[in-house]
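Below you'll find the structure, written out as structure tokens, and then a few comments.
The values are calculated or read from the model by the stated rules, or taken from the named source; none is laboratory data. Since this is a predicted model, take the numbers as computed values, not measurements. Counting neighbours? That spans all protein chains shown, and the Cβs are built from the backbone with ideal geometry, glycine included.
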Amino acid sequence: MTVWRMLSWLGCQLAALAQGRQLLQQHNPDSTCHRFAGAVAPQKFRSPQRERLLCQSRQLLHLIAEWETTFPEKFFPRFATRAGFG
């Protein structure tokens, strides 16, 4: 799988991102994952669609890092697959 295909797939996982943020916020109200914008340098994209996918991918990767330090279950494949997001 190419890097762009993987990032595109991650960027489309909006339901997993929303649900993961909600559960993390419930467990740890001090979490700042919902504030992470995931900004991307302008030279990394050519279209607004690609910018959006890259930002959403960064947000999900940030969420996963915080998730895996908070919960014993891995985000992928355990949580997202069981919840039907994979």
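Condition first: in a loop (DSSP other than H, G, I, E, B) and either charged (D, E, K, R) or in contact (Cβ under 8 Å) with a residue 40 or more places away in the chain (or both). Now tell me which residues in the stretch 25-34 satisfy that.
If the condition is that a residue be in a loop (DSSP other than H, G, I, E, B) and either charged (D, E, K, R) or in contact (Cβ under 8 Å) with a residue 40 or more places away in the chain (or both), then ASN28, ASP30 are the ones that fit.
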*Look through the stretch 40-50, keep the residues that are in a helix (DSSP H, G or I) and among the basic types (Lys, Arg), and return whichever of them is surrounded by the most Cβ atoms within 10 Å (Cβ to Cβ).*
ARG50
*Give the residues of the stretch 16-26 that are surrounded by 11 or more Cβ atoms within 10 Å (Cβ to Cβ) and closer than 15 Å to PHE71 by Cβ, sorted by residue number.*
ALA16, GLN19, GLY20, ARG21, GLN22, LEU23, LEU24, GLN25
*Looking at ALA37, is it on the phi < 0 side of the Ramachandran plot, part of a helix (DSSP H, G or I) and not aromatic (Phe, Trp, Tyr)?*
no
_Need pairs with beta-carbon distance below 7 Å; first residue without any contact (Cβ under 8 Å) to a residue 40 or more places away in the chain and under 16 Å from GLY38 (Cβ atoms) and within the stretch 1-20, second surrounded by 12 or more Cβ atoms within 10 Å (Cβ to Cβ) and acidic (Asp, Glu); sequence gap 6+ or separate chains._
none
*Can you spot a residue in the stretch 27-36 that is surrounded by 17 or more Cβ atoms within 10 Å (Cβ to Cβ), polar (S, T, N, Q), at pLDDT below 90 and farther than 25 Å from TRP4 by Cβ?*
yes
_Which numbered condition LEU7 fails, given (1) surrounded by fewer than 15 Cβ atoms within 10 Å (Cβ to Cβ); (2) in a helix (DSSP H, G or I); (3) not polar (S, T, N, Q)_ = (1)
*Of the residues that make up the stretch 51-68, is at least one in a helix (DSSP H, G or I) and of a type in the set (Val, Ile, Thr)?*
yes
